[in-house]
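J.: Before anything else, here's the structure in question.
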Amino acid sequence: MATKVQSKRFKWSLDSSKCNKISSVNESALPAPPAYSTSGILGTSEVAKKTDTSHLIIKKSWEVALAPIKQVPMNLFIMYMAGNSISIFPIMMVGMLFMRPIQALFQLNAAFKSVENSSVIGQKIVYIFGNLVNIGLALYKCQSMGLLPTHSSDWLAFVEPQVRQEYIGGGIMFS
Amino acid sequence: MLSTRFFKYFVFAYLFNLSSCLYEDQIGKFDWKLNYVGNVKYGIIDSTKRVIVGTEENVVASLSLKNGQILWRQVLENPSVNQIELLHVDKEVTSVSGGKGTWYVRGWDSSSGSLLWEWSFYVENKQHPYWVLSKDQLIHIIPVLGSHLEVTSYDVRSGRNNGKTTKISTPWVSDLSKCKTVGVYWACISGDDSSGQLYYIDLSSATNQVYKVAIHSLIGNPPGHVRLQSLENGEENLFLVRNNVARLVKLQPEMPHVYPYSLSDKAVTVFNGDQPLLLQTIQNSPSKLQLQTIELQDGKENVFEMDYNNEAGIANIISAVCKGSACRVFVKSNDDSVSLLQLPGGKVSWTREEGLSRVIAVEFFELPLSELDASIEHEFDSISGDMLSTFYNRIASQLRQLLVLLSGQQGNSNVGMVRDEFGLHKIIVVVTASGRFYGLDSLTGNIVWSQYLKGVEAYSVLGKLSIPLFAQRSARYSPLMAQCAALMKDKSTGKGVMYTFDPITGQSIGTVERLPYQIEQAMLLPYEDDKHLKGLLILSDKYEVIVYPSTTKPIMLKHANSVFLFTVNSNSKILQGYNLVHSTDNALKATPTWTLNLGQADVISVNVRPSSERVHSQGRVLADRSVLYKYVNPNLLAIATLMEDPIHKQVLSIYLVDGVTGLIVYSAAHKRVAKPIHLVHSENWLVYSYYNARFRRVEFAAVELYEGPTQSNSTSFSSHSVSQLPHPENQAYIFPGTPLAMHATMTERGITNKHILVALSNGAVIEVPWAFLEPRGPHGTMNMEEGYIPYIPELPIPPEATINYNQSIPHVRGIQVAPARLESTCLVLVYGLDLFYTRVTPSKTFDLLKEDFDHWLIAIVLIGLTGASYVTKRLASRKALKQAWK
């Protein structure tokens, strides 16, 4: 298999690093083009070959991890545009703001599935953090819309009437 | 500015529209009205068709002789000041009514009741005058004791008088109770026994001749007290009564004629054609009645015996008419009911319960469960909870249900006096001033039972008659009867009388108890004994405490330190609070704990919140979404007093006093204020109405008490733990009407908004939402979003707010409400001359489907949709199958 690949490569590629006639002749005669280094080519291509996939995986995982945080400015803009009135569209927005990070948190492992073979604990933490920030934003929105039961008036309906300790009776004297 | 004003009115109108409205086809559906004429004072049988009556309610009316229905009714001025003094029936009906120097003379068409003519006049002399109507001349007589008579005559139709007042010297008039008008004569006796003289003046003649006869020359000289009595419609006849034997004397010029019959003083004269007859009742046995007729000319006597079932007994014959041997006798009973008796058949044609025109106490009672429902309830009663017997009970009751369903009797169960699903069917116990107890069916207004108590009298509380009713046990505890107690006083001794009865059937429980002491005050204990009976705590005039029935005494002793009592002495103007802590097993003891002296002020009203009232919301939400907690003190008394003041004429003071500790929580004073004053005390607020004499208008003032932004104790309320005084908010409004009675609506759980029912002098009963009266205080920052209605000084009275639509209720005395089991609904009985019952729904019927709710449409749509979904499912599967085969 390897030889086959080798032969294929020989057929189509010109390996300038190989010592063939021309090159060996010219090597000493002609100076290398500027910024050309024989060893350098060999070295860099070697490195790129080795780290290519793991680097991509890490990059990809960071992309996934940072996606929620990148959404924050967008969400802020949506929040600002939606306003604080209670009507169907702002409520839908708030619903979306809540639903998306919560769904994302539930699908944590699915989100990092493409990068399963490496350890992505740091990215996961960042991802969770980003989603929590989004939930926090949604909560803040609810708060500013007055949807959070944070006031004592919101719990008024559950206040039981006071039990009376004394009973009184009487009135104007009968005559 | 104009636009904001307009906007505010729009908001008001909108909210009122929300509150209540009735469609034309709903008239009489939830409400009923019983019309009365009042306690009959004058009754004249006009023709064979009708009897014209004048009553103590200041009403002139005509009743059909056939069935007793009101043919026409004219309600005149306020009966507390104005009374009918003369009713004369000729071609037309003439009435003289009035009081305090102002007199109204009116002529009515006797068949239609329309007003033919009317004039009024005012006399300086406030003394009670005598009236004589003779030949179209209305003679007005004012006697001056020991001196003379002032006689003025007016033309009855026009009111024109001849411009002069005749003075007739009558030095023998010493006591006006011995003087009567007799036909065209004005007669007096002097002296108390047979040695006196009978004087009479013929007022129809121009000379006003005075005649004088010695009494002994008329009725002999036996010893005994002699008094003069006039007869109803007696023409020139009068009675001289001695030792309860009456002699008929016919006045005529020179020498009166004396008939030789011994009569009762309640006899009447009747004309049988031209033949005068005397008619009297001889014997009043409970079920038999004897009527005696005596022909005046020849003394022929006739006695008719008839069945007459009225334990109250006949008070007197008002009027009668005879044609040949047939007579129709219009009688009044001691319970104020009037009947028409037919002679010689001896039949009662009809009876009108006119006592119900003077209702003094009202209480609503829940009806018991139907037998079937009760059996289901009992299923869960059994304490022995073993599975087999419970299972057996369940199967048995379900079988019973099935049997009932199959036999088709379910419809009948609603007809009887049983509780309905929503608790709208109740029994209304009503007590009248005449001492009769009635049970009224709340759905129809029919009288279910009635009971008359002899020899008892109502208490007088602030000038109003009152018989307190105490609901000791409701009908909820099925095998046990409901029980209600009423307190009265003995007519002769003034000692307490207690009557306990089952409010559902009217049966008396035990006997009427004559107590050996006078009752000063009473209260219903909040604790039930093992038979679910609440005790009645009575404070006697010797300040002894008695608990009735005695079985409730141990419970009372157990809770002695949480029961408090207060009394208000309207004569000495002292409020006194008592506790019962020092009671022992042997003797209960009321220890005075506080007194409050109101000084010179007259107590107008004392109001305690109804103990059954529940407050659902414990606070008010402010604009910044914090809570202002309500000060809901169940022991708070609202007291209104009116004091004469040299500068401000009259000063109204309002006090809110804690009844347990005597702490004055709030007080306010209004200068230059006059009656009428009404209080409504509910939840944490008080609304009172008064007449502002300075601006000449009726005003409403509302006071609301708040504890503050935090609750000092969120679980229990004790009057003793006062950390700080509640914070009051108040506001006043102009009310464009004259209220006669006010009451707040009450619902089962207190979730529904509160409305204030106001009976107006024009016969309307309106609902005023509490939200309109609610003081906005510094918190109401005109923030429409928070549900505040902007303050405008004048309360509107939109016509839609009238709960009795076009059925006016004259002379309203009071309003009583009761919650239905449906949270949205409150039952209302308005009582005055008439009885009017309806339901109100202050927050609309939020817990009830509308009447026009289309059950069928919804059911059809639902079934259709379900069917369609099955069909389409099948079709879809077939299509999928076909596609798979392709």
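The values are calculated or read from the model by the stated rules, or taken from the named source; none is laboratory data. Just so we're clear, the structure is a prediction, and the values are computed from it rather than from any experiment. Using ideal geometry, Cβ is built from the backbone for each residue, glycine included, and neighbour counts are taken over all protein chains shown. The accessibility values were calculated without ligands, DNA or RNA, using every heavy atom of the protein model including side chains. Shrake-Rupley method; radii C 1.70, N 1.55, O 1.52, S 1.80 Å.
J.: Pairs of Cα atoms under 8 Å, at least six residues apart: use those to get the relative contact order of chain B, whole percent.
T.: Relative contact order here is 7 percent.
J.: At R0 = 35 Å, how high is the FRET efficiency between residue B:131 and residue B:214 if r is their beta carbon distance? Nearest 0.05 is fine.
T.: So the FRET efficiency works out to roughly 0.80.
J.: Hey, got the average number of other protein chain Cβ atoms within 10 angstrom for residues in A:149-162?
T.: Values: counts 0, 1, 6, 9, 9, 3, 1, 7, 4, 1, 8, 3, 13, 15.
Per residue, the average neighbour count from other chains is 6.
J.: Hey, another quick one. Just to verify a number: what accessible area does residue A:77 come out at with the full protein assembly present, 1.4 Å probe, Å² rounded to tens?
T.: About 120 Å², rounded to the nearest 10.
J.: Per residue, how much accessible area does the protein assembly as shown have with a 1.4 Å probe, in Å²?
T.: 50
J.: Another one. Averaged over peptide B:834-845, how many Cβ atoms belonging to another chain are found within 10 Å of each residue's Cβ?
T.: 0
J.: Take the solvent-accessible surface of the protein heavy atoms, probe 1.4 Å, and return the percent of it on segment A:67-148 that carbon and sulfur atoms account for.
T.: 72
J.: Something else about it: Show me you know the interface measure: the accessible area buried between B and A, both chains summed, probe 1.4 Å, in Å² to the nearest 100.
T.: Details: alone 42630 and 14370 Å², together 53570 Å².
Its buried surface, counting both partners, is about 3400 Å².
J.: If you average the C-alpha positions of segment B:287-350 and of segment A:55-103 separately, how far apart do those two centres end up, in angstrom?
T.: Comparing the Cα centres of segment B:287-350 and segment A:55-103, I get a distance of 96 Å.
J.: Further, regarding this structure: At a 10 angstrom cut-off on C-beta neighbours, averaged per residue, how do the peptides B:850-861, B:188-199 rank from highest to lowest?
T.: Order by mean packing, descending: B:188-199, B:850-861.
J.: On to the next question. Using only Cα positions of segment B:317-406, each an equal point scatterer, no hydration layer, compute I(q)/I(0) via Debye at q = 0.11, 0.20, 0.21, 0.23 Å⁻¹ and quote the log10 values to two decimals.
T.: Once normalised to I(0) and log-transformed, intensities are -0.61, -0.96, -1.01, -1.10.
J.: Something else: May I ask you to rank A:93, A:81 by accessible area, largest first, using a 1.4 Å probe over the protein chains only?
T.: Result, largest first: A:81, A:93.
J.: Further, regarding this structure: Excluding residue B:738 itself, what net charge comes from residues whose Cβ is under 14 Å from its Cβ, given Lys and Arg +1 and Asp and Glu -1?
T.: +1
J.: How much of residue A:142 can a 1.4 Å solvent probe reach, expressed as accessible area in Å² and rounded to 10?
T.: 10
J.: Calculate how large, on average over all directions, the projected area of the Cα convex hull of the protein assembly as shown is; give the answer in nm² to one decimal.
T.: Averaged projected hull area, Cα only: 76.0 nm².
J.: Another question, then. Mind giving me the nanometre distance, one decimal, between the label points for residue B:713 and residue B:406, set 7 Å out from Cα along Cα→Cβ?
T.: Using points 7 Å along Cα→Cβ, the separation is 6.0 nm.
J.: Here's something else I'd like to know. Report, as an integer, the average count of C-beta atoms from other chains found within 10 Å of each Cβ along B:666-673.
T.: 0
J.: Only protein chains counted, 1.4 angstrom probe. Which residues of segment B:458-490 are at least 10 Å² less accessible in the assembly than when their chain is isolated?
T.: Those are B:459, B:460, B:461, B:462, B:468, B:489, which lose 10 Å² or more relative to the chain on its own.
J.: Would you mind counting up the charge near residue B:436? Only other residues with Cβ under 14 Å from its Cβ, with Lys and Arg at +1 and Asp and Glu at -1.
T.: Around residue B:436, the charge tally is -2.
J.: So what's the net charge close to residue B:366: Lys and Arg +1, Asp and Glu -1, counting the other residues with Cβ under 12 Å from its Cβ?
T.: Counting the neighbours of residue B:366, the net charge comes to +2.
J.: In terms of Cα to Cα distance under 26 Å, which lysines are near enough to residue A:124, apart from those fewer than 8 places away along the same chain?
T.: A:50, A:59, A:60, A:70, A:113, A:141
J.: May I pose another question? Carbon and sulfur atoms: what percent of the 1.4 Å accessible area of segment B:146-286 do they account for? Don't skip to the answer; put the middle values down first.
T.: Working: 2950 of 6480 Å².
Result for segment B:146-286: 45 percent of the exposed heavy-atom area is carbon or sulfur.
J.: Under 15 Å from a point 7 Å along the Cα-to-Cβ line of residue B:480: which residues of segment B:506-545 have their amide N that close?
T.: Label zone hits: B:525-536.
J.: Given a cut-off of 31 Å, name the pairs among B:266/B:464; B:41/B:671; B:495/B:671; B:33/B:178; B:41/B:675 whose C-alpha atoms lie farther apart than that in the structure shown.
T.: B:41/B:671; B:495/B:671; B:33/B:178
J.: Calculate the length of the line joining the C-alpha centroid of segment B:52-117 to that of segment B:174-251, in whole Å.
T.: For segment B:52-117 versus segment B:174-251, the Cα centre distance is 28 Å.
J.: Moving on. When the C-alpha atoms of chain B are aligned to their principal axes, what extent does each axis show, in angstrom, from largest down?
T.: Extents along the principal axes: 127, 72, 71 Å.
J.: Within segment B:252-339, report the GluC sites (Glu not before Pro) that DSSP leaves as loop and that have at most 13 other Cβ atoms within 10 Å.
T.: Numbers: sites: B:254, B:295, B:301, B:305, B:311; in loops: B:254, B:311.
Answer in residue order: B:254.
J.: Using only Cα atoms, locate the centre of segment B:686-736 and the centre of segment A:129-175, then give the distance between them in Å, rounded to an integer.
T.: After rounding, the separation between the Cα centres reads 23 Å.
J.: Where in segment B:484-505 does the amide nitrogen come within less than 19 Å of the point 7 Å from the Cα of residue B:612, taken along Cα to Cβ?
T.: B:484-487, B:500-505
J.: Order the peptides B:654-661, A:62-69 from the highest to the lowest mean number of other Cβ atoms within 10 Å of their residues.
T.: For the peptides B:654-661, A:62-69, the packing ranking is B:654-661, A:62-69.
J.: Something else about it: Treating only the Cβ of Lys, Arg, Asp and Glu as charged (+1, +1, -1, -1), what charge dipole size does the protein assembly as shown show about its Cα centre? Round to the nearest 20 debye.
T.: Rounded to the nearest 20 debye, it is 4480 debye.
J.: Put a dot 7 Å past each Cα toward the Cβ at residue B:749 and residue B:33; how far apart are the dots in nm?
T.: Each label point is offset 7 Å from its Cα along the Cβ direction, giving 3.5 nm.
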